[in-house]
Amino acid sequence: MVEVRTRVRRARDMQQNIYNVRYICISVTLLKWLRYLTDISTMEIRIGGGDLLGPALPKVRDALIKALYEATEYPYTNTSYPPGEGVPQLREAVAEYYRKRWHIEYESSQVVVTCGAWQGVAATMNALLKPGDEVLITDPGYVDYYNSARDINVKAVPVPCRKEKWHFYPEDFKKAVTDKTRMFIHSNPSNPTGSSMTKEEWEAVEDVAEERDLLVLSDEIYKEIVYDGKDAILPAQFKGLKERTIATCSLSKISNGPGFRVGLLLIPEELYPKIMKYIIVYMGRARPATFVQLGAVAAYTEPRNHVKEIREEYEKRRDFIVPRLNEIEGLSCPMYEGSIYPFVDITQLGIKTADFVKELRQKEKVSVRDGESMGVNLSKGKLRLCVREPVPVLEEACDRMERFVKSLKK
Ligand SMILES: Cc1ncc(COP(=O)(O)O)c(C=O)c1O
């Protein structure tokens with residue numbers, strides 16, 4: 001036992017030296033930087049996926065180690081199955097975080113811990129929608145909403161985001177509604193466009209939702225990543241939407257922990273039994289481990305300085321990459337307002353997006369995502385990039401993209 005304690009302490013001390021919270025925003029360890037410096041010009045660069053690179057937050061790491069260590073001590077509660085709704089400490093911390101940070105009143109009894117935000121989205125869609133229903137999804141919008149709607153025989157109706165910076169006109173939202181519409185599903189700020197919903201947009205949603213009795217599934221995993229000194233606006237902040245909104249968030253993006261698989265659902269009381277029943281019956285005991293949930297509490301309690309630091313780093317990356325992409329003749333990319341995704345128009349180049357993606361990878365070893373499936377009409381001719389790497393790597397990726405684009409014109 002003494003030996004285990006010493007080893008845990010040594011590991012913690014070592015980690016403490018490696019990670020300093022002020023450098024989390026750099027999002028790579030010293031070793032990674034060395035790798036970049038030595039072989040940046042030849043390495044394969046993957047800037048299509050949203051799996052952000054970054055060290056575990058020290059306070060989450062410490063809480064995880066503590067919870068795991070305590071699992072070896074009587075009464076061994078940290079080795080037990082977690083309760084179906086999640087550990088009470090995390091449910092309380094998340095309700096309080098929403099109350100203080102977002103001024104939305106939630107009770108801990110409305111919070112459910114899920115395996116990532118995605119399990120929450122899937123459970124909500126499956127529990128509340130039936131075949132033949134319609135859901136509104138922005139076009140462009142998150143590809144998995146479109147896929148999941150199709151999988152459960154629900155019709156995905158696109159809301160065209162044809163206003164500047166991928167916003168929608170209230171009349172387009174209203175036009176998309178029919179007698180079968182049940183829900184609006186949206187990631188705010190958006191994956192893949194980075195648009196951050198305005199008060200006017202939410203007011204349009206509120207009007208229609210009240211009139212037509214619609215629900216909102218609000219995917220809030222990027223809500224802390226909004227730039228230019230602004231903040232996200234959330235649907236539950238609107239009186240007419242509060243009891244119609246199911247919100248989901250997770251440790252995946254702003255807390256550098258996609259692999260921890262900790263997600264949260266915040267559910268209005270009336271809808272709670274239906275969603276919870278679905279989770280219990282169909283998702284069984286698939287939950288993040290008890291000690292992981294206990295470690296995750298730290299991500300939602302103060303101090304949360306890491307949020308500002310990580311956001312500033314992503315903002316720096318955005319401020320570099322958007323002007324740089326626009327310098328490349330034939331590419332265009334609006335300055336996105338939040339999230340981590342430059343959404344790039346390549347229609348001027350006259351090449352299919354699938355061919356662009358394939359050839360760029362083959363010739364220049366840069367991977368980006370084909371954006372065509374991320375919507376219906378407005379995603380045509382688009383690529384989705386992700387600022388998952390620091391500026392020097394993005395710089396190299398852009399240089400290679402420019403060389404590739406020039407080669408297309410020869
Ligand atoms: C909009 C959106 N929702 C949900 C997810 C999945 O999140 P999680 O890792 O918490 O399951 C992602 C992941 O990239 C995403 O971009």
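The values are calculated or read from the model by the stated rules, or taken from the named source; none is laboratory data. All figures in this text were calculated on a predicted structure; none of them were measured in a lab. We place every Cβ from the backbone using ideal geometry, glycine too, and count neighbours over all the protein chains shown.
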Only listed residue being in the same structural domain as M43 (by TED's automatic domain parsing) and within 16 Å of the ligand (Cβ to nearest atom), chosen from R361, R388: R388
Subset of the range 333-345 that is crowded, with 24+ Cβ neighbours inside 10 Å and under 16 Å from V368 (Cα atoms) - its residue that is nearest to the ligand (Cβ to nearest atom): Y341
Residues (within 21 Å of the chain's Cα centre (by Cα) and surrounded by fewer than 18 Cβ atoms within 10 Å (Cβ to Cβ)) located in the range 282-300: A286
Residue check, G338 outside the structural domain of W166 (by TED's automatic domain parsing), on the phi < 0 side of the Ramachandran plot and of a type in the set (G, A, S): yes
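Residue-by-condition table, conditions (1) within 20 Å of L52 (Cα to Cα); (2) in contact with a strand residue (DSSP E or B) (Cβ under 6 Å, 6 or more places away or on another chain):
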| site | (1), (2) |
| --- | --- |
| I279 | no, no |
| F291 | no, no |
| A296 | yes, yes |
| K308 | yes, no |
| E315 | yes, no |
| D319 | yes, no |
| A354 | no, yes |
Count of residues meeting criterion [assigned to a strand (DSSP E or B), under 25 Å from C249 (Cα atoms), of a type outside the set (G, A, S) and in contact with an Asp or Glu (Cβ under 9 Å, 6 or more places away or on another chain)] in the range 155-210: 11
Identity of the residue in the range 346-358, within 15 Å of P140 (Cβ to Cβ) and outside any loop (DSSP other than H, G, I, E, B), that ends up farthest from the ligand (Cβ to nearest atom): T347
Residues located in the range 258-281, provided they are buried (at least 24 other Cβ atoms within 10 Å of the Cβ) and near the ligand (Cβ under 10 Å from one of its atoms): V262, G263, L264
Options G120, G141; residue that is in a loop (DSSP other than H, G, I, E, B) and within 15 Å of the ligand (Cβ to nearest atom): G141
Single condition K253 does not satisfy, out of (1) farther than 29 Å from V292 by Cα; (2) part of a loop (DSSP other than H, G, I, E, B): (1)
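Matching residues to (1) on the phi > 0 side of the Ramachandran plot; (2) touching a residue at least 12 places away in the same chain (Cβ under 8 Å); (3) within 15 Å of the ligand (Cβ to nearest atom):
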position	(1), (2), (3)
K165	yes, yes, no
K175	no, no, no
P189	no, yes, yes
E203	no, yes, no
K230	no, yes, no
L251	no, yes, yes
Only one of L241, L265 that is more than 26 Å from V307 (Cα to Cα), of a type in the set (A, V, I, L, M) and assigned by TED's automatic domain parsing to the domain that holds Q110: L241
Matching residues in the range 205-224 - criterion: being within 16 Å of the ligand (Cβ to nearest atom) and among the hydrophobic types (A, V, I, L, M, F, W, C): V216, L217, I221
Qualifying residue in the range 79-89 (condition: charged (D, E, K, R) and in the same structural domain as E389 (by TED's automatic domain parsing)): no
